[in-house]
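No value in this document is a laboratory result; all are computed from the given coordinates. Because the structure is a prediction, the values reported are computed rather than measured. Cβ sites come from the backbone with ideal geometry, for glycine too, and all protein chains shown count toward neighbours.
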Amino acid sequence: MTDLLTVEEHRDRVLAAVVLLPAESVPLSEASGRTLAEPVLAAHDLPGFDNSSMDGFAVRFADVERADAENPATLRVVADLPAGTADDPALAPGQAARIMTGAAVPADADAIVPFEDTAGGLADSLGAVTVLRAPKAVGAYIRRRGGDTRAGDTVLSPGERLDPFALGAAAAAGVDAVTVTRRPRVAIISTGSELVAPGHALGRGQTPDSNATLLAAVVADADADIELVDRIGDDPAGIDAVLARATRADVVVFTGGVSAGAYEPVRLALADRIAFDRVAMQPGKPQAFGVLDDGRLVFGLPGNPVSVAVSFEVFVRPALLALQGRATIDRRLARLTASESWTTPPGRRQYLPAVVDLVAGTVRPATAGGSGSHLAASLARAGAFAIVPADVSVVSVGDPLDVMLIP
Ligand code: AMP
Ligand code: MG
């Protein structure tokens with residue numbers, strides 16, 4: 001047992017090998033999912049000018065501050081201000097301007113009376129307006145210049161992923177290009193002479209290659225590009241041949257062929273170039289990782305499909321995000337209560353495919369019969385991995401657990 005690495009020891013080795021990818025400037029329209037390498041600073045104040053938050057009338061507060069239904073205030077409407085107008089009409093005492101949401105508030109006005117607080121509403125409009133309710137205070141319904149952000153302020157920080165909200169914020173701040181890291185390029189290679197393409201009729205001893213499909217999807221979800229997807233048998237000579245086809249990749253992920261069997265092509269071909277270890281986790285105990293002379297990171301994941309899914313989450317995904325300079329490289333954890341009991345292997349941290357109910361705050365195994373790492377189809381029921389500490393051998397109903405949420 002003593003020769004097992006902890007999950008953290010192996011993960012730290014992986015992350016220590018990560019070298020940040022270079023930065024490049026891209027237009028906002030192409031920046032979705034990219035990671036900021038430099039902050040986004042507001043190009044101007046936002047809002048850029050005092051503007052109305054309601055359709056109504058721009059007024060001088062003093063003219064209307066005592067208005068109510070019994071004592072309405074009547075103002076002469078001297079201007080009409082649609083959104084986008086550059087007009088700044090002068091307002092003398094007793095005068096108002098009709099104004100639409102988003103239009104610049106005249107310099108002489110200091111409050112907005114919405115249509116709802118006037119006798120005629122929109123129909124009152126041009127001519128005279130009868131105000132039935134006083135605005136609460138000076139500044140009512142005025143969105144102030146710079147109230148959201150000031151020119152030069154940091155709107156987004158390095159390490160942030162440009163999700164839709166972030167992209168919208170950058171655009172609002174007047175920015176049309178951002179400096180982001182390059183997307184990592186990943187090669188995905190399944191090993192195993194038993195593997196056939198999904199959909200292929202199975203001969204005796206054959207099984208569909210599901211790992212390549214799963215990995216291609218999670219790699220894309222980690223905002224990385226797929227350089228190559230390939231499948232090779234158990235001949236070690238195939239390993240160098242495929243590495244030669246994947247020279248543009250930043251990361252090469254092999255599945256299968258890393259453990260203790262007789263025909264383990266990844267181990268046989270790469271034992272002198274990358275490390276083969278055993279990690280105190282279940283599934284996913286055999287793990288290979290190293291850096292080739294040319295800088296490519298190479299992962300050798302154990303071939304069982306659930307092992308691949310877990311190993312990707314625990315080791316590969318954090319590396320792909322770290323390559324991009326992402327500030328947060330871990331999935332969100334929830335603290336949930338077990339609603340079923342199950343046994344776990346002693347001395348190894350378990351990552352159990354799980355079903356969560358975030359409203360009830362509960363978690364239970366996704367796969368009947370425990371943690372079988374070959375249960376590729378049952379994995380579809382899981383939306384999370386329940387993390388059971390290495391020193392726990394039984395999870396009982398009511399036990400609290402950390403649960404890695406996917407996504
Ligand atoms: P290995 O790590 O090569 O010993 O493989 C462990 C188990 O995972 C075996 O039952 C393999 O058939 C299965 N396996 C390996 N690679 C894949 C794959 N790409 N898709 C589905 N199952 C696989
Ligand atoms: Mg194999």
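Data overview
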{"quantity": "Using θ = phi - 60° and Karplus 6.51 cos²θ - 1.76 cosθ + 1.60, couplings along region 31-39 (whole Hz; Gly, Pro as x)", "calculated": "9, 4, x, 7, 10, 5, 9, 10, x"}
{"quantity": "GNM result for the chain, Cα springs below 10 Å: residue of 215, 36, 91 fluctuating most strongly", "calculated": "91"}
{"quantity": "Anisotropy class of region 83-182 from Cα gyration tensor, a/c 1.5 cut", "calculated": "prolate"}
{"quantity": "Relative contact order of region 333-405, pairs being alpha-carbon contacts under 8 Å that are 6 or more residues apart, as %", "calculated": "48 percent"}
{"quantity": "Helix-only mean residue ellipticity at 222 nm for the chain, each DSSP H run of n ≥ 4 adding -39500 (n - 2.57), per residue, nearest 500", "calculated": "-4000 deg cm²/dmol"}
{"quantity": "Calculated FRET efficiency for the pair residue 107/residue 13, C-beta based, R₀ 60 Å, to 0.05", "calculated": "0.40"}
{"quantity": "Region 333-405: C-alpha gyration tensor shape, a/c 1.5 cut-off, then a/b vs b/c", "calculated": "oblate"}
{"quantity": "Karplus (6.51, -1.76, 1.60) ³J(HN,Hα), θ = phi - 60°, over region 18-26, in Hz, Gly and Pro reported as x", "calculated": "6, 10, 4, 6, x, 9, 8, 9, 10"}
{"quantity": "Prolate/oblate/rounded label for the chain (Cα gyration tensor, a/c 1.5)", "calculated": "prolate"}
